[in-house]
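> First the structure, which I've put down as structure tokens, then a few questions once you've had a look.
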Amino acid sequence: MYLMKKIPKYTLPLDFYDFLILQVVKAAQGKVPVFLDGGVRRGTDVFKALALGASGVFIGRPVVFALAVDGEAGVRKVLQMLHDELELTMALSGCRSLKEITRNHVVADWDHPRVLP
């Protein structure tokens, strides 16, 4: 957590959040749910967070922007877009439910190279 104090939240790229999610999930040891709050812009971001062990994500900025542009209809549209993108990503990854999303579905920069048989 010391590292988080040194880097302002608004400058963190989603790849750094990936590393933090893994560390927090490991520290939580399944005793408390872990949620990602920030950096979620697409359904693929939701998929990645779930694959890394997050229990869920919070979506703020896209919803606020949609509300400012088109009110309730804009919020409905942005949430539908996120849902559709997540559903498509799941289908392309062979996942039929959220429970089927695992760490094996994502590869991060710090992962060891995977050798195919």
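> Residues in the stretch 88-95: is at least one open to solvent by less than 60 Å² (accessible area, probe 1.4 Å), within 13 Å of Asp18 (Cβ to Cβ) and not small (Gly, Ala, Ser)?
no
> Continuing with this model, one more query. Any residue at all in the stretch 106-115 that's free of Cβ contacts under 8 Å to residues at least 60 places away in the same chain and not in a loop (DSSP other than H, G, I, E, B)?
no
> If you don't mind, another one. Do you know which of the residues in the stretch 54-69 that are touching a helix residue (DSSP H, G or I) at 6+ places or on another chain (Cβ under 7 Å) and open to solvent by 50 Å² or more (accessible area, probe 1.4 Å) is modelled with the highest pLDDT?
Among residues in the stretch 54-69 that are touching a helix residue (DSSP H, G or I) at 6+ places or on another chain (Cβ under 7 Å) and open to solvent by 50 Å² or more (accessible area, probe 1.4 Å), the one modelled with the highest pLDDT is Leu67.
> When you scan the stretch 70-78, do you find a residue that is modelled with pLDDT of 90 or more and either under 18 Å from the mean Cα position of the chain (by Cα) or under 22 Å from Lys99 (Cα atoms) (or both), even just one?
yes
> Another question about this same structure. Residues in the stretch 49-71 that are assigned to a helix (DSSP H, G or I) and touching a strand residue (DSSP E or B) at 6+ places or on another chain (Cβ under 9 Å): how many?
Result for the stretch 49-71: 2.
> So, in the stretch 46-94, exactly how many residues are farther than 19 Å from Pro33 by Cα and in contact (Cβ under 8 Å) with a residue 40 or more places away in the chain?
10
> Here is a follow-up. Would you say Arg41 is modelled with pLDDT of 95 or more, not small (Gly, Ala, Ser) and not in a helix (DSSP H, G or I)?
It is false that Arg41 is modelled with pLDDT of 95 or more, not small (Gly, Ala, Ser) and not in a helix (DSSP H, G or I).
> Among the numbered criteria (1) of a type outside the set (Asp, Glu); (2) at pLDDT 95 or above; (3) surrounded by 13 or more Cβ atoms within 10 Å (Cβ to Cβ), which single criterion is violated by Ala51?
All conditions pass for Ala51, except number (2).
> Looking at the stretch 23-38, I want the residues that are surrounded by 12 or more Cβ atoms within 10 Å (Cβ to Cβ) and have a partner that is among the small types (Gly, Ala, Ser) and assigned to a strand (DSSP E or B) with Cβ atoms under 6 Å, at least 6 apart or on another chain. Which pairs are those?
What qualifies is Phe35/Gly56.
The values are calculated or read from the model by the stated rules, or taken from the named source; none is laboratory data. Here the structure is a predicted model, which means the values were calculated and not measured. Cβ atoms come from the backbone with ideal geometry, glycine included; neighbour counts cover every protein chain shown. These area figures cover heavy atoms from the full protein model, side chains too; ligands, DNA and RNA do not enter into them. Shrake-Rupley method; radii C 1.70, N 1.55, O 1.52, S 1.80 Å.
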